[in-house]
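Comments concern the structure below.
The values are calculated or read from the model by the stated rules, or taken from the named source; none is laboratory data. No experiment lies behind these values; they were computed from the predicted model shown. Reconstructed Cβ throughout: ideal geometry from the backbone, glycine too, with neighbour counts over all protein chains shown.
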C-alpha cells in the first residue's frame with residue numbers, strides 16, 4: 001500500500017488507523033483470510049467534516065485516484081503471490 005500511495009501522492013503519510021465503524025472484513029477474517037481496510041483519498045478539512053453527514057461526498061479526482069491506487073495494490077499483491 002505504501003508503494004502505491006508514494007507513486008500517486010508523493011510525500012503522503014501512511015499510518016494505521018482503527019475505525020470505530022464496522023466493515024465486511026470480519027467475514028473474511030472469520031474464514032482465515034487477511035482483510036484490510038484501505039480508503040485512498042486526499043481529504044481537505046471540509047471533506048473530513050462531511051464524513052457520514054447529509055452532504056457526504058468525495059471529488060471525482062479522489063474517486064479516480066482511489067481506483068488507481070487500489071489497482072496498483074492488487075497488482076502488486078498478485079505479482080508477489082506468483
| task | Quick one: in the range 57-82, of everything that is in contact with a helix residue (DSSP H, G or I) (Cβ under 9 Å, 6 or more places away or on another chain) and within 23 Å of residue 18 (Cβ to Cβ), which residue is surrounded by the most Cβ atoms within 10 Å (Cβ to Cβ)? | result | 69
| request: Looking only at the range 15-26, decide whether some residue is surrounded by 12 or more Cβ atoms within 10 Å (Cβ to Cβ) and on the phi < 0 side of the Ramachandran plot. | output: yes
| said: From the list 4, 12, 35, exactly one residue is touching a residue at least 24 places away in the same chain (Cβ under 8 Å), in contact with a helix residue (DSSP H, G or I) (Cβ under 8 Å, 6 or more places away or on another chain) and assigned to a loop (DSSP other than H, G, I, E, B). Which is it? | reply: 12
| remark: Of the residues in the range 46-56, those that are under 24 Å from residue 10 (Cβ atoms) and either modelled with pLDDT of 85 or more or surrounded by 14 or more Cβ atoms within 10 Å (Cβ to Cβ) (or both) number 1
| task | Collect the residues in the range 15-32 that are in contact (Cβ under 8 Å) with a residue 12 or more places away in the chain and outside any loop (DSSP other than H, G, I, E, B), keeping them in residue-number order. | result | 25
| query | From 67, 14, 73, 42, which residue is within 12 Å of the chain's Cα centre (by Cα), modelled with pLDDT under 80 and within 15 Å of residue 4 (Cβ to Cβ)? | reply | 14
